[in-house]
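Down below is the structure, laid out as structure tokens.
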Amino acid sequence: MKSSSIKRRLVTVVLITQLLLTIGVVTTAVVLTKRQLRNAFDAGLHGRAMSVAALVRYSEEEKPTLVFDREMVPPPLDRRHPDLYRILDQNGKVLATSDNWPANFDPGPQGNRNNWNVKLQGQMYRAVRLNDVPVLDQEPAGTANSDATLTVFYAASTEELSESAWRAGILICLASVTMLAIATMAVFWGIKRGLSPLAILASRAADVSPANWELRAPPEALQTPELAPLTRAMNTMLANLQQAFTSQRAFLADAAHELKTPVAIVKSTIQSLLQRPRSAEEYRDGIDAALEDIERLEKLVHSMLRLARAEQWASGSLRRDLEEIDLTSTCELSVAHLRPLAEARKLKLDLQRDGSPRLHADAEDLELVWGNLLENAIQYSPAGSSVQMTVVGVDAGAEVSVKDNGQGIPAAEIPFIFDRFRRADTSRARNTGGYGLGLAISKAIVEAYGGTIRVESEVGIGTTMTVRLPANLN
Ligand SMILES: Nc1ncnc2c1ncn2[C@@H]1O[C@H](COP(=O)(O)OP(=O)(O)OP(=O)(O)O)[C@@H](O)[C@H]1O
Ligand SMILES: [Mg+2]
């Protein structure tokens, strides 16, 4: 499924949030405005009811009765739907009723409610009932009915109220939609501007090539908190890639160089054999010399293949199902294998074991590592000295070390001895005829198993190589 762009996702989230916010604000504003309009309408209704109540007065007769002065009723505000009223005295006698009071309309007692809505002749009215309204017209004290009270029903059409509420609602909606549109444009602009360093970063990343490893990240990319880690990670990744690329190139150049020499020697040996007729013995010597060089060539090709395989495996592109093996027995086999070389160089070779750690590993791989370490120890040690191999089972796996009392490695060379085709520049090292691949292969294999290899060495005292392998090998 194609996932949508970050910009679209951000805009969608912001818009949905704003839309919900707008709906909430509009609803609240409309409800509040409607309530305020109705309260104001009710207040007006109350005033109008009081003003008709004020038109009730005492007659001029000797025995005054309550009369209603219809002449003084103010003209209706809404001519299409004039107001309705009815006034009763405290005995329930109707004193006045508006002309348009519907024949079938009886407001009834209406409980405790003072204001209510009612539909009359297809039109919505809002009604008010005022109880115990005193008669404004004053009679001399002691006269009958001087403390008479009135009940007033008054109703006015709510058509205008509804129209005002509608107008207010539409205005609020329009204002909110306009604000929403402006906010949406601002969000689009802000997100586009906010993401622009990412687009620039992407286009600059596309400019990176083996000819130009520099990532010219825009300054905003390093200043933006979200982009700074990405930019730094890209720079680190490029530095690592450049290093890997350079070392691959160097490896290729070194390999070509190392292969060129024995091939040239074999070629010149055969050419000189062919220059003139030779005796059978001369031919044999020549072929023996060529064979020796071809063997060196074979060793180099084999080493390069092992290195490539170990590195491929370490990078995770080669998987193997490994059986559990006895680590000590691989050390014993390597020691047995190298003993003739040690004896030939008059060296004492010794294996010490503590426990018999078992690991999931390929015995051939480990024998290759031990072989390289022992071969170095033997090759770079003087006659009469001793080489000691130790296997120890530790908590987190096993540790194998090879210690010699040989020439040692100069401190400045130590960081580089695991590099491919790297040889410490001592006359002895040059004489051994190695390629400087042994330790690189060993390191690649050990790391492929998730282990580590470390070196301690002092010139003139000796060298100790220690390999630590975890219990659960990859
Ligand atoms: N035990 C040691 N004592 C002294 N120098 C050592 C020892 N082990 C390694 N070195 C130095 O480290 C260099 C690299 O070792 P490495 O095993 O990778 O290559 P090499 O032995 O020269 O060649 P190769 O193993 O490919 O035949 C050696 O050339 C040597 O100078
Ligand atoms: Mg070696």
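The values are calculated or read from the model by the stated rules, or taken from the named source; none is laboratory data. Predicted model only: the values in this text are computed from it and were never measured. Positions of Cβ are generated from backbone atoms using ideal geometry, with glycine treated the same way; all protein chains shown enter the neighbour counts. Heavy atoms of the whole protein, side chains included, go into the accessibility calculation; ligands, DNA and RNA do not. Shrake-Rupley method; radii C 1.70, N 1.55, O 1.52, S 1.80 Å.
Need the failing condition index for residue 334 against (1) touching a Phe, Trp or Tyr at 6+ places or on another chain (Cβ under 7 Å); (2) more than 15 Å from ligand 1 (Cβ to nearest atom), just the number.
Evaluating residue 334 over (1) touching a Phe, Trp or Tyr at 6+ places or on another chain (Cβ under 7 Å); (2) more than 15 Å from ligand 1 (Cβ to nearest atom) leaves (2) as the failure.
Is it the case that residue 424 is within 13 Å of ligand 2 (Cβ to nearest atom), outside any strand (DSSP E or B) and touching a strand residue (DSSP E or B) at 6+ places or on another chain (Cβ under 7 Å)?
So residue 424 fails the test.
Note down all Cβ pairs under 7 Å where the first residue falls in the stretch 226-240 and is surrounded by 16 or more Cβ atoms within 10 Å (Cβ to Cβ), the second is of a type outside the set (A, V, I, L, M, F, W, C), and they're at least six residues apart or on different chains.
Here the result reads 227/197, each pair linking the stretch 226-240 to a residue that is of a type outside the set (A, V, I, L, M, F, W, C).
Can you confirm whether residue 378 is out of contact with any strand residue (DSSP E or B) (no Cβ under 8 Å at 6 or more places or on another chain), outside the structural domain of residue 306 (by TED's automatic domain parsing), within 16 Å of ligand 2 (Cβ to nearest atom) and open to solvent by less than 20 Å² (accessible area, probe 1.4 Å)?
no
Mind checking which pairs have a first residue in the stretch 145-166 that is under 21 Å from residue 34 (Cβ atoms) and touching a residue at least 12 places away in the same chain (Cβ under 8 Å) and a second that is among the acidic types (Asp, Glu) and open to solvent by 10 Å² or more (accessible area, probe 1.4 Å), Cβ under 8 Å, 6 or more apart or different chains?
Short answer, once both residue conditions are applied: 155/83; 156/78; 156/83; 157/78; 157/83; 159/78; 160/78.
Kindly evaluate residue 165 against the criterion of being crowded, with 17+ Cβ neighbours inside 10 Å and modelled with pLDDT of 85 or more.
yes
In the set 365, 354, which member is modelled with pLDDT under 95 and surrounded by 19 or more Cβ atoms within 10 Å (Cβ to Cβ)?
365
Select from the stretch 127-140 the residues that are assigned to a strand (DSSP E or B) and out of contact with any helix residue (DSSP H, G or I) (no Cβ under 7 Å at 6 or more places or on another chain) and write down the one among them that is surrounded by the fewest Cβ atoms within 10 Å (Cβ to Cβ).
Of everything passing the filter in the stretch 127-140, 132 is surrounded by the fewest Cβ atoms within 10 Å (Cβ to Cβ).
Which residues, taken from the stretch 38-69, are assigned to a strand (DSSP E or B) and open to solvent by less than 30 Å² (accessible area, probe 1.4 Å)?
56, 58
Given the conditions (1) within 8 Å of ligand 1 (Cβ to nearest atom); (2) part of a loop (DSSP other than H, G, I, E, B), and given that residue 412 satisfies all but one, which numbered condition is not satisfied?
Failing condition for residue 412: (1).
Hey, can you tell me all the residues within the stretch 253-269 that are over 51 Å from the mean Cα position of the chain (by Cα), open to solvent by 50 Å² or more (accessible area, probe 1.4 Å) and at pLDDT below 85?
Answer for the stretch 253-269, where residues must be over 51 Å from the mean Cα position of the chain (by Cα), open to solvent by 50 Å² or more (accessible area, probe 1.4 Å) and at pLDDT below 85: just 261.
Go over the candidates 72, 124 one by one and state the one that is open to solvent by 30 Å² or more (accessible area, probe 1.4 Å), free of Cβ contacts under 8 Å to residues at least 60 places away in the same chain and within 60 Å of the chain's Cα centre (by Cα).
Every option except 124 fails the conditions.
Please work out which one of (1) part of a loop (DSSP other than H, G, I, E, B); (2) in contact (Cβ under 8 Å) with a residue 24 or more places away in the chain is the condition residue 377 fails and give its number.
Looking at each condition in turn, residue 377 falls short on (1).
Table: residues versus (1) near ligand 1 (Cβ under 8 Å from one of its atoms); (2) assigned by TED's automatic domain parsing to the domain that holds residue 330; (3) at pLDDT 90 or above; (4) more than 21 Å from residue 298 (Cα to Cα).
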site	(1), (2), (3), (4)
418	yes, yes, yes, yes
423	yes, yes, no, no
429	yes, yes, no, no
432	yes, yes, no, no
435	yes, yes, no, no
448	no, yes, no, yes
452	no, yes, yes, yes
457	yes, yes, yes, yes
461	no, yes, yes, yes
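Only one of these is over 19 Å from residue 443 (Cα atoms) and assigned to a strand (DSSP E or B): 406, 384, 393. Name it.
393
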